[in-house]
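The values are calculated or read from the model by the stated rules, or taken from the named source; none is laboratory data. Worth saying up front: this structure is predicted, and the values here are computed from it rather than measured. Cβ atoms come from the backbone with ideal geometry, glycine included; neighbour counts cover every protein chain shown.
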Amino acid sequence: MTATRRPGAPGTPGAAETPGTTGSPWHVSDALALRYADGSAAETDAWSLEKHVESCANCAGRVSAAVRAGAAGPVLAAVRAELLTSLGHRPAPAESAGPVSPVGNPLGRWARVWWAVGPALRGSWVVAVALVVGGAFGLAYGAGFQGARSLLLALAPVLPLAGVAVSYGRHADPLYEITAATPSGGLRLLLTRTAAVLAVCVPLLTAGGALLPPVAGFPGAAAWLLPGLALTLATLALGSFVGCRAAAATLGGGWLLAVTGPLLGQPGAGTGPASGAAALAPYFSGPTAQGAWAAAALACAALLALRRRSFDHLEPR
């Protein structure tokens, strides 16, 4: 983002404040910071300022000081104090009174990271993933249940869908209306949280499947990755129409009906290794099945790219 620059040092009141024009790199002036703080800045100028302070510590401090000096200052100070307390940090009096630079402050960077991925990594979903893997181990090694590997492989592709459903949207994020309207919100925030979900699921479920008792002719422990990726992207694409929670419920329920029905219908209710492999082979094994999942993932990614602007609007209630 550039602007025509008047004489003056960068970041001083004499620096340029008009975003969007050609010239040298611009910095936020005191006048623009004050207009942003009282809500009178033009919408395009506000967007440019918000993007600029992500990478400029001096301007971030200037805008923070202007906002703190305005009518919203006491409210923001109370919110910040509560946030720092919840993170186990007790700010010193001088720190509480001074301007905050989210770029230069390590605690501020961690707070922004936690805000971005937090809903994807907290709550009952992570516990549920751990319980699924632990339950498979308990059934396999504790109860001698030979179908544990089949059940884990059948459930693995839908667990990321549950993580996406509980990490984004008005039902999952108390600040959803605010974050959806920011430059870092919308699809960008959704993809960040989806990546956090996959970062938990991929190593945990793949390692869990690899450590279960091996079965001859059974799909490999990583056979669920392409189906899981395709279903996750399909959830995001469908979520652009109906919301992430409804999309995850629809696709997850459809997958479970398609997979667990044949699995439980095998002789011995799916307890035999051979029956489990036969039930899951059409979904996971062979280049045809994996190629179809790869093609589906690419198609869903293309649709998601076309529908990316839909996440700039609030989800339906």
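Some points to look at:
- Checked against (1) more than 30 Å from Ala279 (Cα to Cα); (2) of a type outside the set (A, V, I, L, M, F, W, C); (3) touching a residue at least 60 places away in the same chain (Cβ under 8 Å), Thr194 passes all but a single condition, namely (1).
- For the range 217-245, the set of residues classified as farther than 17 Å from Leu306 by Cα and assigned to a helix (DSSP H, G or I) consists of Leu225, Leu226, Pro227, Gly228, Leu229, Leu231, Arg245, listed by residue number.
Quick grid of which residues meet (1) modelled with pLDDT of 95 or more; (2) surrounded by fewer than 21 Cβ atoms within 10 Å (Cβ to Cβ):
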site: Gly209; (1), (2): no, no
site: Ala216; (1), (2): no, yes
site: Ala230; (1), (2): yes, no
site: Val242; (1), (2): no, yes
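- Inter-residue pairs, beta-carbon under 8 Å, first closer than 11 Å to Leu155 by Cα and in the same structural domain as Leu211 (by TED's automatic domain parsing) and in the range 128-140, second aliphatic (A, V, I, L, M) and modelled with pLDDT under 90, 6+ apart: Val129/Val200; Ala136/Ala148; Ala136/Leu151
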